[in-house]
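Note sheet for the following structure.
The values are calculated or read from the model by the stated rules, or taken from the named source; none is laboratory data. Small disclaimer: the values here were computed from a predicted structure and weren't measured. Here the Cβ is made from the backbone with ideal geometry for all residues, glycine too, and neighbour counts use every protein chain on show. Surface accessibility is based on the protein's heavy atoms, side chains included, excluding ligands, DNA and RNA. Shrake-Rupley method; radii C 1.70, N 1.55, O 1.52, S 1.80 Å.
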Amino acid sequence: MRKGFLIVISAPAGCGKDTIVERLLEKERDIRYSVSTTTREIRNGETEGSHYFFKTRKEFEELIERGEFLEYTEYCGNYYGTRKAAVMDALDNGFDILLKIEVHGAEHIKKMFPDSVLVFIHPPSLEELRRRLIKRGTEDLETIEHRISVAVREMSMQCDHYDHYIINDDLDKAVNEIRDIIHKKRREQQEREERG
Ligand code: 5GP
């Protein structure tokens, strides 16, 4: 059986990564999505266990102490982390797993799993990013400006550890580019295994 690999997708908030990931999972039925754990407040329309597992800081810190995270980080004042168990199970069962995480987490994952594929999504422009965040209406203006400054930092530091960069100026095109990357990786893996 082919061993699965990790697909890491990162993007500043408002780059449309949630929609890209949704589409990707609709089209690639055999990819498992890694649901992260977070201490941030639940947003309208989000549900426990499908968008995130929502925890208090105390609960999250207990999980850290028990060594349950593959990686975790603090981002805009909240903890976010990937639990070990689900990821390892899915990998062992031959599934590819998609993680939607920020740049530091992605860097950790690449160190732990050199075979993983890291994809960074850029917004068409910062102005477009600001417009999308305001339109989304889930955060106040101060939070939006803070997220944009984090986005600028992320976009300048993402450079060396990502394998692929995609500009989300067209949703279908962006999704197809990521699908091509995944299919190519599977073919390479298959060929490697056949060669032994
Ligand atoms: P949001 O609050 O907008 O859902 O997520 C904020 C940022 O945290 C996003 O860049 C998202 O990809 C990232 N994130 C979500 N889950 C995880 C995780 O488990 N680990 C890390 N390192 N980042 C995460």
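Please specify each residue of the stretch 168-196 satisfying the condition of being under 20 Å from Ile101 (Cβ atoms) and either of a type in the set (A, V, I, L, M) or in contact with a Cys (Cβ under 6 Å, 6 or more places away or on another chain) (or both).
Asn168, Ala174, Val175, Ile178, Ile181, Ile182
Would you confirm whether or not the stretch 119-133 contains a residue that is touching an Asp or Glu at 6+ places or on another chain (Cβ under 6 Å) and not β-branched (Val, Ile, Thr)?
So far as the stretch 119-133 goes, yes, one or more of its residues are touching an Asp or Glu at 6+ places or on another chain (Cβ under 6 Å) and not β-branched (Val, Ile, Thr).
Here is a list of conditions, (1) farther than 30 Å from His183 by Cβ; (2) not in a helix (DSSP H, G or I), and Tyr165 meets all of them except one; can you say which number that is?
Every listed condition holds for Tyr165 apart from (1).
Which numbered condition trips up Ser50, out of (1) within 13 Å of the ligand (Cβ to nearest atom); (2) surrounded by 13 or more Cβ atoms within 10 Å (Cβ to Cβ); (3) not charged (D, E, K, R)?
Unmet condition: (2).
Scan the stretch 110-142 for residues that are assigned to a helix (DSSP H, G or I), open to solvent by less than 60 Å² (accessible area, probe 1.4 Å) and under 30 Å from Arg186 (Cα atoms) and jot them down.
The answer is Lys110, and nothing else.
Taking into account only those residues within the stretch 77-104 that are part of a helix (DSSP H, G or I) and open to solvent by 60 Å² or more (accessible area, probe 1.4 Å), which is nearest to the ligand (Cβ to nearest atom)?
His104
Checking the conditions here, which among Glu107, Glu74 is free of Cβ contacts under 8 Å to residues at least 24 places away in the same chain and either assigned to a loop (DSSP other than H, G, I, E, B) or closer than 17 Å to Ala11 by Cα (or both)?
Glu74
What are the residues in the stretch 137-150 that are over 15 Å from Gly77 (Cα atoms) and within 9 Å of the ligand (Cβ to nearest atom), if any?
Selection gives Thr138 alone.
Taking strands (runs of 3 or more DSSP E) that do not extend beyond the stretch 3-44, which have at least 2 residues that are more than 11 Å from the ligand (Cβ to nearest atom) and open to solvent by less than 50 Å² (accessible area, probe 1.4 Å)?
Answer list for the stretch 3-44: 6-10.
Find the residue count for the stretch 58-76, including only residues that are more than 9 Å from the ligand (Cβ to nearest atom), in contact with a strand residue (DSSP E or B) (Cβ under 6 Å, 6 or more places away or on another chain) and of a type outside the set (Phe, Trp, Tyr).
1
Taking Glu107 and the conditions (1) under 24 Å from Val150 (Cβ atoms); (2) touching a helix residue (DSSP H, G or I) at 6+ places or on another chain (Cβ under 6 Å); (3) not basic (Lys, Arg), which numbered condition does it fall short on, given that it satisfies the others?
Result: Glu107 fails condition (2) only.
Quick test for you: out of Arg186, Arg153, pick the one residue that is open to solvent by 60 Å² or more (accessible area, probe 1.4 Å), basic (Lys, Arg) and in a helix (DSSP H, G or I).
Arg153
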